[in-house]
């Protein structure tokens, strides 16, 4: 296995993150576990991607991504205990990302 | 252009040429939208036309079903008269937006512009990006651009399978 490395720009990171989170929100179409499970996995992917980005040390602003990753962690736990709160969390996550990406555009 | 031919030949376009649409064409398209039938003639539609490259890119991050950059996007919203909406009223506004979307798609086609009607977007993100007020509801989005593909017509169920006479399930006989 080669160690060529894989470079992901910060803009691509946010693009992929928003794709995952929006897909998670749009796929949550019911209240049953199996209906929400695809969204859960996508949020898990968003959290893992955020943690990879944090571990890389290549982010200009780590605080927002740290906060986002923590929110994903809490969101994942929600599905077991409160499905309505989980779907609300998915919707809020898209808002949170849009706000941050808009802020980054304005810089 | 013959209306029936336009209805039958219009396809949803998901690949676009990198070519802008001029404002005159966009205004023709919006003009057709505002002539759509609408409940109570409330004219509740509000159309947000997005053409700036930065705004389009930001928005598409929250529309995971759109995988090619269109020349323009029209977000069709309703600004209801009522403060609180009953379900039936909400559906009424949604229907108004859907009919306007059809006028948009058909008029675009008559101008050789492709389109695709989209419902798959994260509405809270959309509200934030486009600064849509609380009392305005985005219902649909239409992508627009010069077609970069020529899709084959998909099959449609025959009239006899989807049409009944006088009561549901009773065969349609001419």
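Here is how the numbers come out for the structure above:
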quantity: Residue in the stretch A:66-77 that is touching a residue at least 12 places away in the same chain (Cβ under 8 Å) and either part of a loop (DSSP other than H, G, I, E, B) or under 23 Å from residue B:119 (Cβ atoms) (or both) present; calculated: no
quantity: Residue A:63 being surrounded by 17 or more Cβ atoms within 10 Å (Cβ to Cβ) and either more than 10 Å from chain B (Cβ to nearest Cβ) or within 14 Å of the chain's Cα centre (by Cα) (or both); calculated: no
quantity: Complete set of residues in the stretch A:9-33 that are facing another protein chain (nearest Cβ under 9 Å), under 19 Å from residue A:77 (Cβ atoms) and in contact (Cβ under 8 Å) with a residue 60 or more places away in the chain; calculated: A:21, A:25
quantity: Cβ pairs under 8 Å, 6+ apart, first in the stretch A:89-107 and more than 9 Å from chain B (Cβ to nearest Cβ), second assigned to a helix (DSSP H, G or I) and surrounded by fewer than 16 Cβ atoms within 10 Å (Cβ to Cβ); calculated: A:89/A:74
quantity: Criterion violated by residue B:60 - all others in (1) within 14 Å of chain A (Cβ to nearest Cβ); (2) free of Cβ contacts under 8 Å to residues at least 24 places away in the same chain; (3) surrounded by fewer than 21 Cβ atoms within 10 Å (Cβ to Cβ) satisfied; calculated: (3)
quantity: So residue B:113, is it touching a residue at least 24 places away in the same chain (Cβ under 8 Å) and under 21 Å from residue A:91 (Cβ atoms); calculated: no
quantity: Any helices (runs of 4 or more DSSP H) falling wholly within the stretch B:84-174 and containing at least 1 residues that are more than 14 Å from chain A (Cβ to nearest Cβ) and under 26 Å from residue B:59 (Cβ atoms); calculated: B:87-110
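Any read-out appearing in this document is the output of simple, stated calculations on the displayed coordinates, not a laboratory observation. In this text, all values refer to a predicted model and were calculated from it rather than measured experimentally. Every residue, glycine as well, gets a Cβ built from its backbone with ideal geometry; the counts of neighbours run over all protein chains shown.
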